[in-house]
Amino acid sequence: MRAAQYVRIWLAGARYSIVRTMMFRGDFIMWSLVEFFWMGVNLGLIGVIYQHTESIAGWGPWDMAMLVGTSLLVQRLLMGFFWTNLFEMGRNVRTGTFDFFLAQPGPVLFMVSTRKIDLDGFLNAPIALGVVIYAADQLGLTPTPLQWVTYAGMILCGLAIHYATLLFFISLVFWIQSAKGVEGGYFALNEFSRLPREALRGIASIVFVYALPLVVVTNVPAQTLRHGLEPRHGLWLAGAAALWLALAVLMFHRGLRRYTSASS
Amino acid sequence: MSLAKYRHAFVLGLQGNLVYRWNFAVRASLSLLHLAYVFILWGAAFTGQETLAGFNLSQTLTYFITILVLQFFISAMNEDYEVSEEIRNGLINQFLLKPIHYFSYRFSIFVAARLVSGSLALIPLLLALPLLWPHLEYPTDTWTYVAAVPALILSAFLQFTLAYCFGLLTFWFLEIQSFIILSLAVETMLGGQVFPLDLLPAPLYELSSYLPYYYQMYFPAALLTGRIATPEAAIQGLGIQLFWVLALYGVAQFLWLRGLRRHTAVGG
């Protein structure tokens, strides 16, 4: 398939999602508020801690706001693009509805991952970005256009890592028939992305910085805005994204080979 | 005789919830990840200072460990969805024809569910106890524990009643999940699950102490961890907590009666 065909399929799915969302406008507003409130909870925690301390692992309040904003931005984009699709995949494999995707004229992984978009996830992404921009302003930073472009590229790498880790764990459904617990696990692990790397030591550093690059996903882009581009860190992020994508795709295709239709 | 039926509901609740023992165990294990995050964040916040708002690091970590345990023993988890599903699927009709008080029936199952989830949550916590033990610092005043007993019972009642009220909204709305998650965000913040509420600026803390969320989780946890300073403050807190329990029970009864007027039982 050519790139233009992928784009056309994605646009058709996006259009369907938007039309459907607009049919349930009240629900859309409520879910947008839900996402907004949860963002407020995360920022509220930082605000309260900094009422009583000046620094967390060397990071000041606005540095932390930038870090948390970056984490929320990646999470919002994940919610908007992939969240529903991946969790529906878990359900579909269990019920046999997954056959529907196998019968579609396109690569299975692409069809599974991009069928729907969630507008409420996207709606809060500009707010998360606004937090980052406001924090940069409060810090007196004036990032160059190159820094912003690099930041955007790093956010996409972060999105790829989140997508890949989620796909990796949900693909377990091909073996264990249920992806229950993955959602809770994702949110529990994602909390670590709101920590400064300097706060993690010992085994926590090995697990959350190197093995699962959750901390890198947010710390490297935020540091790029704070201190400029560090090529070594940029390569680390890109490498982690490539590695996790490869692992997730491999896991998905291995699982696909095991899939036997459950429908009649 | 009238209590026997709720005892049976309790036993059925125990059996039903034991089926989901692995779900609870997984959930409890994941909460240890959250605890690790809390330890790292607050450990970093305490670097270079002995106390934060008058409490040291161990006291703060003890607060979060207590909150985590209480969540599995007194929090409402799926009760709102269960009530909602019974209304939506028409399963509630059977209770309308029988001499059973629906609130008490659901509450019996809630107590059974928390007994199961609380007991299972203790397993990973006990396994992690060697790591947690050095950070545990509980108060030595007896009155805090005496006051904590009614506070815990009232908190469980408050948690359940609020969830029950949200479930009853299904009489008016087809989809209540967004209401529940929205309320959860507010409860998480104002219930002291994200940070101890006494870290809030004084006027905001004062304001929060008049809201029901304060008594859902923070109040019993604060009593157990020595964050409520005097017996007078504890008695005042228990009074406000009792008020909210009665008020929310009144709201629940009102929603039930008004909801039934809108309800249509279909089928044979």
inquiry  = Please pick out the residue among B:194, B:149 that is within 10 Å of chain A (Cβ to nearest Cβ), hydrophobic (A, V, I, L, M, F, W, C) and surrounded by fewer than 22 Cβ atoms within 10 Å (Cβ to Cβ).
reply    = B:194
ask   = Which ones in the stretch A:39-59 are more than 28 Å from residue A:120 (Cβ to Cβ) and either in contact (Cβ under 8 Å) with a residue 24 or more places away in the chain or in contact with a Lys or Arg (Cβ under 8 Å, 6 or more places away or on another chain) (or both)?
value = A:56, A:57, A:58, A:59
Any hit, the stretch A:93-107, residues being out of contact with any His (no Cβ under 9 Å at 6 or more places or on another chain), at pLDDT 90 or above and buried (at least 22 other Cβ atoms within 10 Å of the Cβ) = no
query = How many of the residues making up the stretch A:18-35 are part of a helix (DSSP H, G or I) and surrounded by fewer than 16 Cβ atoms within 10 Å (Cβ to Cβ)?
reply = 8
query = (1) out of contact with any His (no Cβ under 9 Å at 6 or more places or on another chain); (2) more than 10 Å from chain B (Cβ to nearest Cβ): which one isn't true of residue A:195, the others all being true?
reply = (2)
message = Suppose we keep only residues that are surrounded by fewer than 21 Cβ atoms within 10 Å (Cβ to Cβ) and under 22 Å from residue A:75 (Cβ atoms) within the stretch A:206-222. Which one would you say is farthest from the other protein chains (Cβ to nearest Cβ)?
response = A:210
inquiry  = Just checking: which of the helices (runs of 4 or more DSSP H) contained wholly in the stretch A:110-194 hold 3 or more residues that are of a type in the set (Phe, Trp, Tyr) and touching a residue at least 24 places away in the same chain (Cβ under 8 Å)?
reply    = A:145-170
key: Qualifying position, being more than 14 Å from chain B (Cβ to nearest Cβ), closer than 21 Å to residue B:175 by Cβ and of a type outside the set (Phe, Trp, Tyr), among A:80, A:96   = A:80
remark   = Restricted to the stretch B:40-62 and to residues being facing chain A (nearest Cβ under 9 Å) and either touching a residue at least 40 places away in the same chain (Cβ under 8 Å) or in contact with a Phe, Trp or Tyr (Cβ under 6 Å, 6 or more places away or on another chain) (or both), the residue nearest to residue B:125 (Cα to Cα) is B:52
ask   = So which residues in the stretch B:172-197 are part of a loop (DSSP other than H, G, I, E, B), more than 21 Å from residue A:46 (Cα to Cα) and of a type outside the set (D, E, K, R), if there are any at all?
value = B:172, B:173, B:174, B:176
inquiry  = Take the residues in the stretch A:48-76 that are assigned to a helix (DSSP H, G or I) and of a type in the set (D, E, K, R); name whichever of them is nearest to the other protein chains (Cβ to nearest Cβ).
reply    = A:63
task = Please enumerate the residues belonging to the stretch A:179-222 that are farther than 16 Å from residue A:166 by Cβ and among the charged types (D, E, K, R).
result = A:194, A:197, A:198, A:201
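The values are calculated or read from the model by the stated rules, or taken from the named source; none is laboratory data. What you see is a predicted model; the values in this text were computed from it and never measured. When we count neighbours, we look across all protein chains shown, and the Cβ atoms used for this are built from the backbone with ideal geometry, even at glycine.
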